[in-house]
Amino acid sequence: MILPIYTYGQAVLRQVAEDIPTDYPGLGELIDNMYETMDHAEGVGLAAPQIGLPIRVVVISLDVLKDDFPEYAGFRHAYINAHIVEADTSDTEVITEGCLSLPGVSEPVRRPKRIRVKYLDEQLQPHDEWVEGYLARVMQHEFDHLEGHVFTDRITALRKQLVGKKLTALTKGRFACNYKVKPARR
Ligand code: NI
């Protein structure tokens, strides 16, 4: 089932999301719905707060990048109770990001290239690993959603000024996009 995506200005995007118990009711169905919602909106990642749930569940699908990054062919994973526990801040890079919750906004964001993450996979197996490459970038963007952050929190003061009007328009529901959304106001 395709769910509406909550957009910038919705309070749930500013909440710190909670870990869930492994017997969380309907978790499999929730993950399926998140995949379907992400695919429909042509995103590479979706965090549960973006569908209105302040819980630590994320889906990431990088198959669309396989022409540039063959290692991501078929890459499609869910991350449950996901946390970034460490980041190598000595090595950062700037990449332009966008977000399904901020349609029409894309901005360069500086982030570490390598992070250490802890999570449960879809089979509820625990992982604790260092991640790098484009996956580390997408994970940082998505896991940020679980801390109540969006990518525009991390852009320069100048870029924030330049994008301010667009953000205000988003909070008022004055934007267009080709997938189902739930704006703060409209
Ligand atoms: Ni996002």
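Skip the ligands, DNA and RNA, and give the accessible area per residue of the chain with a 1.4 Å probe, whole Å².
Counting only protein heavy atoms, the per-residue value for the chain is 50 Å².
Dipole size in debye (nearest 20) for the chain around its Cα centre, Lys and Arg Cβ +1, Asp and Glu Cβ -1?
About 1380 debye.
Check residue 17: other-chain or 5+ apart residues with amide H under 5 Å from its amide H, H built from backbone geometry?
It is 147, 148, by chain and number.
Any idea of residue 61's accessible area? Nearest 10 Å², probe 1.4 Å.
Roughly 20 Å² of residue 61 is accessible to a 1.4 Å probe.
Which parts of segment 119-161 would a label at residue 73 reach, counting a residue when its backbone N lies under 19 Å from a point 7 Å out along Cα-to-Cβ?
134-135
Let me check something: with ligands and nucleic acids excluded, how do 67, 19 order by accessible area (1.4 Å probe), largest to smallest?
So the residues, ranked largest to smallest area, are 67, 19.
As a test of understanding, state the convex hull volume per residue of the chain from its alpha carbons, in Å³.
Taking only Cα atoms, the chain has a hull volume of 118 Å³ per residue.
With a 1.4 Å probe and all protein chains kept in place, how do 99, 177 rank by accessible area, largest first?
Largest accessible area first, the list is 177, 99.
The values are calculated or read from the model by the stated rules, or taken from the named source; none is laboratory data. Bear in mind that the values here come from a model prediction, so they are computed numbers and not experimental data. Please note: Cβ atoms are built from the backbone with ideal geometry, for glycine as well, and neighbour counts cover all protein chains shown. When the accessible area is computed, the model is the full protein with side chains, heavy atoms only, and any ligands, DNA or RNA have been set aside. Shrake-Rupley method; radii C 1.70, N 1.55, O 1.52, S 1.80 Å.
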